[in-house]
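Please treat every number below as a calculation from the coordinates, not as lab data. Model, not experiment: these values are computed from the prediction. Cβ: placed from backbone, ideal geometry, glycine included. Neighbour counts: every protein chain shown.
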Amino acid sequence: MIIAANLKTNLTRKQTAEYIAELENYVSNGSTQEVLVFPAMSSLDSYDGKVIVGAQNAYPTQNGAFTGEIGTEQLDEFGIKTILIGHSERRHVLGETQEELVKKFNFYKELGYKIVYCIGEPLEKREAGKEEMMKYISTQYKGIDTSYENLIIAYEPVWAIGTGLTPTLEDIENIHTDLKEKSTAPLLYGGSVKVTNAQEVLALKNVDGILVGSAALYVEHFCTMIGYAQKLQK
Ligand code: PGA
């Protein structure tokens, strides 16, 4: 399974290095899970090992005049070939449009990057009923090559991110089953996954892994979740 940590705007460069070292130590002890970590931009570095380090964001460019952004010139320095695209905080807090995300997706797809592409509905769309909700989610697939071989999709309901709220297990399974019809890419669930619910989420049909934010900041918690996946042997 795929177990991913989104560290967001947390941890210093030194703390991140320690985090990844601990994680590597855990993972190299017989784990067969695919483990991804997305550190803050200033904590990116070259890491050798089983843990895959990716960028939370980058601009679709090699280099140029894009103040505050990084491109492949900076990612190549650290051998980074994995990127998170379409996270709800980029869509809703930083205002990235579907059009911009598609440009980013195509640019990094062209370069063969492993792309974790995030989708998910805000609360008002969920409350508007299943049909409205799925219609909204469909707009997030617009322009995205869902058959791209290095694609991983992460379903993360916006209202569940960082809130401690999660859909019911039945809801997660149903939505994942519907989403699998749109793409056969591995499908992760994200949104308030913690040590206390990760095991049951991972066990669900059509859940191929998890994308964890807050709870992943504790490396021992994140390792526990990797252990759950290992036990499930899915
Ligand atoms: P959370 O974040 O685990 O803190 O809800 C998940 C995410 O944003 O990917």
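The table below lists the values:
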{"item": "Tail fraction, Cα-Cα pairs, segment 1-111, threshold 19 Å, whole percent", "result": "47"}
{"item": "Mean Cβ count within 10 Å, highest first, over the residues of peptides 47-60, 127-140", "result": "47-60, 127-140"}
{"item": "Segment 79-95 - phi-based ³J(HN,Hα) in whole Hz, Karplus 6.51/-1.76/1.60, Gly and Pro as x", "result": "x, 7, 10, 9, 9, 9, 10, x, 4, 4, 5, 6, 6, 9, 8, 9, x"}
{"item": "Potential extension, LYS231-VAL93 segment - 0.36 nm per residue separation minus Cα distance", "result": "46.0 nm"}
{"item": "Cross-link partners of LYS142 among aspartates and glutamates (Cα-Cα below 13 Å; sequence separation of 8 or more within a chain)", "result": "GLU99, GLU100"}
{"item": "Members of LYS130/LYS234; LYS81/LYS231; LYS103/LYS231 lying beyond 30 Å, as alpha-carbon distances in this model show", "result": "LYS103/LYS231"}
{"item": "Separation of alpha-carbon centers, segment 51-89 and segment 156-206, rounded to whole Å", "result": "26"}
{"item": "For the chain, with +1 on Lys and Arg beta carbons and -1 on Asp and Glu, the positive-most of ILE20, TYR108, MET1 along the dipole", "result": "MET1"}
{"item": "Percent of beta bridges antiparallel (DSSP, segment 2-232, rounded to nearest 5)", "result": "0"}
{"item": "Nearby aspartates and glutamates by direct alpha-carbon distance to LYS125 (threshold 14 angstrom, same-chain neighbours under 8 apart not counted)", "result": "GLU156"}
{"item": "Measure of compaction for segment 2-232 (Cα Rg per 2.2 N^0.38 Å)", "result": "0.96"}
{"item": "Mean Cα-pair separation over length for segment 120-183, i.e. relative contact order, pairs under 8 Å, 6 or more apart, %", "result": "39"}
